1. Tell me, what is the percent relative contact order of chain A, built from C-alpha pairs under 8 Å that lie six or more residues apart?
2. Return the whole-Å distance between the Cα centroid of region B:1-53 and the Cα centroid of region A:1-21.
3. From the phi angles alone, apply the Karplus equation (6.51, -1.76, 1.60; θ = phi - 60°) to region A:135-151 and give each ³J(HN,Hα) in whole Hz, x where the residue is Gly or Pro.
4. Under a Cβ-only charge scheme (Lys and Arg +1, Asp and Glu -1), can you give me the dipole magnitude of the protein assembly as shown about the Cα centre, in debye to the nearest 20?
5. Based on Cβ point charges of +1 for Lys and Arg and -1 for Asp and Glu, what charge dipole magnitude is obtained for region A:1-99 about its Cα centre, in debye rounded to the nearest 20?
6. Partner chain Cβ atoms within 10 Å, averaged over the residues of B:79-90 - can you pull that number for me?
7. Would you please name the trypsin sites (Lys or Arg not before Pro) within region A:108-196 that are DSSP coil residues with at most 11 other C-beta atoms within 10 Å of their C-beta?
8. Apply the Kirkwood formula to region A:45-113: the hydrodynamic radius equals the inverse of the mean of 1/r over all pairs of different alpha-carbon atoms; give it in Å with one decimal.
Amino acid sequence: MQVTLKILRYNPEKDARPHWESYRLEAEPMDRVLDLLHQVKWEQDGTLAFRKSCGHGICGSDAMMINGVNRLACKTLVKDLGTDVITVEPIRGLPVEKDLVVDMEPFFDAYRAVKPWLINDQPPPERERLQSPEERAVFDEGTKCILCAACTTSCPVFWVNGTYLGPSAIVQAHRFIFDSRDRGAAERFPALGSTGGGWRCRTAYNCTEACPREIPVTQLIEEVKRAIMFGQM
Amino acid sequence: MYRGREGQWAFYLHRISGIAIILFLALHVTEISSSMFGPKWFNALLKFEENPIFGLGLVGVAALVLYHALNGLRIILMDFTSWGVKLQRQLWYAVWVVYVILGFPMLFIMLKHVFVGGA
């Protein structure tokens, strides 16, 4: 089948602002959008810039806005888009460096701000810190995050706010706050309870719809809000 | 335009209706406080506001208040219960069902008041 791939291109050395460019391609229904991007880069225009690494939905490199929704290019099949005109734009709210490549540093700043590691000041036990399957299940969803930024850059508050940590960082915080072995809630509170923290979430649910790992992002954020509110952290 | 689903539109509409309500409130307070200049001015202002344009504006504000109130209940359920978030989409449709049930009699009463008159 013939498809038209429209890509929002931007070259900081030449363009004043991003512009659309169209490419006609021969595609199979089972092709991924990533395959189409490769086809353009390899056969039509080698200057096209985008990120990819594993190509199998695990590394989280190729989140982009495809037909108006944030998805991973490597997990989106042409047939699932249901149209022969496919638009691809960089994810929003982060500075575009070139074409589909954005500066992820603000995203990782927010990630680091919630201290996404185990904090426990007690002396280590002789063997491992034990945890029951029930205790492990409480934070299971958050462990699936691949830091692709599809959720954070789908959030209308993140686009305009400038200080909001964003859904992904709060999901990462949830993963540790609700871990029975972790004792760092008080250390994470300054970031999460501040004006740029959990309270900026206005439950627009774009994050939950966008997550390629099907994490119930909004639900986890609401659990963090309640933990702050009811003094569990 | 980002192609978000129900939650995104619920959020945008909540924001827009919230801003419209606060603007109306500012206007309303200004109007009422004009009574401190005496009955002459206040009555003249009220007379001016009998124009159906203001009546229709009020119908619009009431429509936004009703949405903001009902979606506000939806947000409370999402914030304070463990199940609200999982049912957010259904809750939004429920908001619109209640909106129509409460809104239609309200619309009828208000339009009658604007165009026919009487309390």
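1. Values: 402 pairs, mean separation 42.8, N = 233.
The value is 18 percent.
2. 43 Å
3. Taking θ as phi minus 60°, the curve returns 5, 5, 5, 4, 10, 4, 4, x, 6, 7, 5, 10, 6, 8, 6, 4, 6 Hz for region A:135-151.
4. For this selection, approximately 640 debye.
5. 300 debye
6. The mean count of partner-chain Cβ atoms within 10 Å per residue comes to 3.
7. Details: sites: A:Arg112, A:Arg127, A:Arg129, A:Arg136, A:Lys144, A:Arg175, A:Arg181, A:Arg183, A:Arg188; in loops: A:Arg127, A:Arg129, A:Arg181, A:Arg183.
When the trypsin sites (Lys or Arg not before Pro) of region A:108-196 are filtered for loop state and at most 11 Cβ neighbours within 10 Å, A:Arg127 remain.
8. 13.1 Å
The numbers here are math on the coordinates, done by the rules we state, and not lab data. Bear in mind that the values here come from a model prediction, so they are computed numbers and not experimental data. Every residue, glycine as well, gets a Cβ built from its backbone with ideal geometry; the counts of neighbours run over all protein chains shown.
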